[in-house]
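Written below as structure tokens is the structure these notes are about.
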Amino acid sequence: ADPLDSTYLDTILDLARRFEPAWYSEHLAWTSSGGRHHHELLPLPFMEETVQTLVDRVRQVQDRLGQRMLVENSATYTAFDASHMTEAEFVGRVLEEADCFLLLDVNNLYFNARNHGFDPRDYLRGLPAHRVAQMHLAGHDDHGDYLIDAHGSPVAEPVWALFAEAVRLFPGVPVCVEWDRDVPSLEVLIGEMNR
């Protein structure tokens, strides 16, 4: 809930002016408090106060950029007991009240459903479809009782199955396969893209 870093925002605005990206996106997470950066995407409590804080921040960023942005659902390893809404309800509220779009990370959704015990298809059906503007796929490390968001392996079969449902619900949305650790040959990457 610290104030936005205006110097960082100025840097983003400068990049946006120079390169004119189609979208600017950021994860729904927190990374600092009291001026200390934690260098990790930390989970949010799914509660009214957090919705209002995020709506305020997203609107500030959009006003500075002069366009709507995308927010991305983050992979999380822990959850807050104080949460009083589901992740899908929380994300939907932020999207609608901030008037922004969703970068739906299908791997992160699968990841959170496994780590926190909810049905990812219910999550997909609960999203405002008109807000889904992009999707991501990625690999993860499966350690049996928990998953690690790793981006260093092929997309897992259950993520492909969930992606098929997402494509049915949100047709025509651009997709990116993320692979930024242990990067394989171009042939392997093209194979994942083609799939």
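The values are calculated or read from the model by the stated rules, or taken from the named source; none is laboratory data. Everything quoted here is computed from the prediction, not taken from an experiment. Neighbour counts run over all protein chains shown; Cβ positions are idealised from the backbone, glycine included. The accessibility values were calculated without ligands, DNA or RNA, using every heavy atom of the protein model including side chains. Shrake-Rupley method; radii C 1.70, N 1.55, O 1.52, S 1.80 Å.
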Average projected area [Cα convex hull, the chain], square nanometres: 11.7 nm²
Computed [θ] at 222 nm, helices only, for the chain once each DSSP H run of length n ≥ 4 contributes -39500 (n - 2.57): -13500 deg cm²/dmol
Accessible area (Å², 1.4 Å probe, nearest 10) - Glu49: 130 Å²
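First compute the accessible area of the chain with a 1.4 Å probe, then give the percent of it belonging to carbon and sulfur atoms.
On the way: 5630 of 10570 Å².
Roughly 53 percent of what the probe reaches on the chain is carbon or sulfur.
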Spin-label proximity, Val175 to segment 137-165 - amide N less than 16 Å from point 7 Å beyond Cα toward beta carbon: 137-140, 154-165
Percentage relative contact order, the chain, counting C-alpha pairs under 8 Å, at least six apart: 16 percent
